[in-house]
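Here's the structure, in structure tokens; my notes come after.
The values are calculated or read from the model by the stated rules, or taken from the named source; none is laboratory data. Note that the coordinates shown come from a computational prediction; the quantities given were computed from them, not determined experimentally. Don't worry about glycine lacking a Cβ; one is built from the backbone with ideal geometry, like all the others, and counts go over all protein chains shown.
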Ligand code: HMG
Ligand code: MG
């Protein structure tokens, strides 16, 4: 698998949206600057959602404006036309709409059915196309739902095909609660790839049960080459009970580099970004690679 993989760093959005400790706009901008400096060119920086639903993402407009001078592609979540308008006022060039493969999570997360969410996205996609804005499409709960339990691959296929046909350039498949295992992940990727070309698929796996790297590897064997990850393994969704962080960017980079896949990411700089945000949050990173490298540094310097 000696090809390139595109990493979408979601730490500043998914990573921080569920944190109890408020992180200021200035600190979020500094975090993004460090991530870009570490060689991660695509960063999801915020969300134009209800401030009551996710107060942690308040200030996303300032964050986006604050990083717009940096070289990089910055993504923001948009749930509806109101969010779209706010994203455009802030200068967003790439937005992400987010649906679910399961009804229970759709209701909890965005207060509507899956079909209603698609109806909300339609005018957003029409306006985005007219404005020359790229739209990514997330699908949550692709390998299980905290409310509905098992999720059939066909349910994921249906939403993926719909979002792709509506104009999303990429469909990011979210294992929101990190319950998937490699054979199921592989079967899912195969099922979706038979309806949406595999080069338009991304994997967004939370690591709740420690399966994310194995699931990514299985998906890569099916040809998927876009991986969402969060520095330090930050992350979780306030509306997905039990979900922990995203797969850690450090762990993904370590795996890819070990497979001979060049990522262009400077691990030392990435670790520095993770350590700084961990310091602000008041706890060490959950990333195994970050922990190992921090321990190694300590040994060398002591
Ligand atoms: P609602 O209550 O049904 O919406 O929420 P509404 O249209 O009835 O509006 C209610 C209030 O929200 C109104 O304000 C609106 O103005 C306001 P009020 O009159 O009460 O003061 N409002 C907004 N404010 C700011 N920006 C907006 C916006 N829209 C309405 N865009 C809504 C529906 C979708 C807005 C709400 O449920 C919401 O914001 N949900 C977001 C939840 C969220 O951000 N979840 C985390 C991200 S998804 C995720 O983490 C999964 C992912 O990582 C993939 C994976 O892991 O699976 C992507
Ligand atoms: Mg997520």
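Taking interchain pairs and intrachain pairs at least six residues apart, which have beta carbon atoms under 6 angstrom, with the first residue in the range 94-122 and at pLDDT below 95 and the second away from ligand 2 (no atom under 16 Å from the Cβ)?
Here the result reads none, with nothing in the range 94-122 linked to a residue that is away from ligand 2 (no atom under 16 Å from the Cβ).
Among residues belonging to the range 20-49 that are at pLDDT below 95 and in contact with a helix residue (DSSP H, G or I) (Cβ under 8 Å, 6 or more places away or on another chain), point out the one that is surrounded by the most Cβ atoms within 10 Å (Cβ to Cβ). Working first, answer last.
Going residue by residue through the range 20-49, those that are at pLDDT below 95 are 20-22.
Cutting the leftovers down to in contact with a helix residue (DSSP H, G or I) (Cβ under 8 Å, 6 or more places away or on another chain) gives us 21-22.
Numbers: 21: 10, 22: 12.
Checking each candidate, the answer is 22.
Limited to the range 282-302, what total is found for residues that are in a helix (DSSP H, G or I) and over 19 Å from residue 206 (Cα atoms)?
First, pick out the residues of the range 282-302 that are in a helix (DSSP H, G or I): 288-301.
Imposing the further condition that a residue be over 19 Å from residue 206 (Cα atoms) reduces the set to 292-301.
Residues in the range 282-302 being in a helix (DSSP H, G or I) and over 19 Å from residue 206 (Cα atoms): 10 in total.
Considering only the range 38-68, state which residues are at positive phi and in contact (Cβ under 8 Å) with a residue 60 or more places away in the chain.
39
May I ask you to list the residues in the range 79-113 that are surrounded by fewer than 24 Cβ atoms within 10 Å (Cβ to Cβ) and over 24 Å from residue 141 (Cα atoms)?
Result: 82, 85, 86, 88, 89, 90, 91, 93.
Just checking, does the range 137-144 include any residue being surrounded by 22 or more Cβ atoms within 10 Å (Cβ to Cβ) and away from ligand 1 (no atom under 13 Å from the Cβ)?
No, there is no match, as no residue in the range 137-144 is surrounded by 22 or more Cβ atoms within 10 Å (Cβ to Cβ) and away from ligand 1 (no atom under 13 Å from the Cβ).
Could you tell me which residue of the range 1-15 is nearest to residue 246 (Cα to Cα), considering only residues that are in a loop (DSSP other than H, G, I, E, B) and either out of contact with any strand residue (DSSP E or B) (no Cβ under 7 Å at 6 or more places or on another chain) or within 12 Å of ligand 1 (Cβ to nearest atom) (or both)? Steps first, please.
Here is the first cut: in the range 1-15, the ones in a loop (DSSP other than H, G, I, E, B) are 1-5, 10.
Narrowing the set further to residues that are either out of contact with any strand residue (DSSP E or B) (no Cβ under 7 Å at 6 or more places or on another chain) or within 12 Å of ligand 1 (Cβ to nearest atom) (or both) leaves 1-4, 10.
Numbers: 1: 23, 2: 24, 3: 23, 4: 21, 10: 8 Å.
Here the answer is 10.
Can you tell me which residues in the range 129-147 are closer than 16 Å to residue 184 by Cβ, out of contact with any strand residue (DSSP E or B) (no Cβ under 7 Å at 6 or more places or on another chain) and not in a strand (DSSP E or B)?
144
Pick from 73, 85: which is more than 16 Å from ligand 2 (Cβ to nearest atom), closer than 26 Å to residue 159 by Cα and within 18 Å of the chain's Cα centre (by Cα)?
Numbers: 85 fails: within 18 Å of the chain's Cα centre (by Cα).
Being more than 16 Å from ligand 2 (Cβ to nearest atom), closer than 26 Å to residue 159 by Cα and within 18 Å of the chain's Cα centre (by Cα) holds for just one of 73, 85, which is 73.
Given the criterion at pLDDT 95 or above and touching a helix residue (DSSP H, G or I) at 6+ places or on another chain (Cβ under 7 Å), identify the matching residue among 271, 281. Walk me through it before giving the result.
Numbers: 281 fails: touching a helix residue (DSSP H, G or I) at 6+ places or on another chain (Cβ under 7 Å).
So the residue among 271, 281 that is at pLDDT 95 or above and touching a helix residue (DSSP H, G or I) at 6+ places or on another chain (Cβ under 7 Å) is 271.
Can you pull out the residues in the range 148-187 that are more than 22 Å from residue 135 (Cα to Cα) and within 13 Å of ligand 1 (Cβ to nearest atom)?
Our first condition is that a residue be more than 22 Å from residue 135 (Cα to Cα); within the range 148-187, this holds for 148-154, 177-187.
Once the filter is applied, which keeps residues that are more than 22 Å from residue 135 (Cα to Cα) and within 13 Å of ligand 1 (Cβ to nearest atom), the range 148-187 yields 151, 177, 178, 179, 180.
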